[in-house]
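See below for the structure under consideration.
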Amino acid sequence: MEDDYYSIESILAENQKIQCTFKVDVPDMGHLDGGKVGDIKALSKVQIPLWMAYILIFS
């Protein structure tokens, strides 16, 4: 990833949003869906940036 720091393709790819289906309830993250609901419920579909999906998957 260090080699791609100034790569336009990498910058554009990380700003792409993908649709994710959450398998578990996630408390206090409802703002990711743009709503005022406090929690994301299991089986909710939310579009999030690609970089955030990596963080949620691997943490």
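So here's what we get for this one:
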item: The range 10-25 residues that are free of Cβ contacts under 8 Å to residues at least 60 places away in the same chain, paired with ones that are basic (K, R) and surrounded by 11 or more Cβ atoms within 10 Å (Cβ to Cβ) (beta carbon under 8 Å, 6 or more apart); result: F22/K41; D25/K41
item: Meets criteria (in contact with a Leu (Cβ under 9 Å, 6 or more places away or on another chain), not β-branched (V, I, T) and not in a strand (DSSP E or B)) for K36; result: no
item: Cross-chain or 6+ apart pairs with Cβ under 6 Å, the range 47-59 first and in a helix (DSSP H, G or I), then loosely packed, with under 13 Cβ neighbours inside 10 Å and not aliphatic (A, V, I, L, M); result: L50/Q16
item: Members of the range 2-49 found to be under 12 Å from the mean Cα position of the chain (by Cα), surrounded by 13 or more Cβ atoms within 10 Å (Cβ to Cβ) and among the aliphatic types (A, V, I, L, M), listed by number; result: M29, L32, V46, I48
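Bear in mind these aren't lab numbers, they're just calculated from the coordinates by the rules spelled out. Since this is a predicted model, take the numbers as computed values, not measurements. Virtual Cβ from ideal backbone geometry, glycine too; neighbours counted across all protein chains shown.
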